[in-house]
1. How far apart, in nm, are the 7 Å Cα→Cβ label points at residue 176 and residue 203?
2. Kindly put 180, 208 in sequence by how many other C-beta atoms sit within 10 Å of each C-beta, fewest to most.
3. At 7 Å along the Cα-to-beta-carbon direction for both residue 154 and residue 135, put a label point, then send me their distance in nm to one decimal.
4. What is the chain's relative contact order, in percent, from Cα pairs under 8 angstrom and six or more apart in sequence?
5. Once label points are set 7 Å from the Cα along Cα→Cβ at both residue 55 and residue 71, what is their separation, rounded to one decimal in nm?
6. Give me the percent relative contact order of segment 154-210, please, defined on Cα pairs under 8 angstrom at least 6 residues apart.
7. Let me check against my output: what whole-number percent is the relative contact order of segment 40-86, with C-alpha pairs under 8 Å and at least 6 apart?
8. Applying a 10 Å radius around every beta-carbon, put 73-82, 144-153, 34-43 in order of their mean neighbour count, most first.
């Protein structure tokens with residue numbers, strides 16, 4: 001994609017976002033379990049995971065990247081079964097900060113779709129992902145793919161809907177996110193939210209946010 005085309009795309013998207021209603025920045029979950037939040041019983045019900053894998057997942061969380069989680073899965077699951085596991089269990093990946101390997105772990109994504117994921121970076125909103133990837137797949141497939149990804153939200157302007165789209169965030173924590181605005185630095189976010197959750201949970205939440 002040329003730099004001129006990219007600039008025009010981002011400008012047009014910016015205008016679209018101004019006119020559009022608030023859109024959550026984490027893809028709508030259609031049934032995927034999050035390894036950092038799922039119960040032991042839920043993990044045990046994932047096809048392809050044995051009890052040893054479940055124990056390691058529970059002991060190792062929170063996982064701050066899909067690759068870190070994959071290191072455990074690949075110890076217990078053959079490559080041919082990855083699609084089965086990741087069709088049920090997944091840590092959302094940051095569209096702007098993700099490896100090719102992580103993208104290719106999404107069931108049904110091959111090299112062609114990998115190229116399309118990368119082609120439209122940087123993503124400034126999930127709406128952009130819907131618009132661009134929707135050129136290549138139908139609505140059902142787009143919705144399926146969107147649940148695997150997210151775009152970081154701006155702490156100082158994110159809507160309630162955007163904050164609540166972060167896995168594991170409910171109304172109480174959404175209130176705390178808003179309570180300390182404006183944020184001047186991520187260190188402030190860590191300090192203030194660290195009053196309510198432990199350091200590991202702060203790190204997990206920080207994956208989904210930034211200050212712009």
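1. With each label point 7 Å from Cα toward Cβ, the separation is 1.8 nm.
2. Values: 180 14, 208 23.
Taking fewest neighbouring Cβ atoms as first place, the list is 180, 208.
3. The modelled label-to-label distance comes out at 2.5 nm.
4. Details: 238 pairs, mean separation 56.2, N = 212.
The normalised contact order for the chain reaches 27 percent.
5. 2.0
6. Details: 32 pairs, mean separation 22.8, N = 57.
Taking the mean separation of contacting Cα pairs over the length of segment 154-210, I get 40 percent.
7. Values: 27 pairs, mean separation 22.1, N = 47.
Relative contact order, segment 40-86: 47 percent.
8. Details: 73-82: 13.8, 144-153: 21.9, 34-43: 15.8.
Descending mean neighbour count gives 144-153, 34-43, 73-82.
Every read-out reported here was derived from the displayed coordinates using simple, explicitly stated rules and does not represent laboratory data. Quick caveat, the model's predicted, so the values are computed rather than measured. All Cβ positions, even for glycine, are placed from backbone atoms using ideal geometry, and neighbour counts span all protein chains on display.
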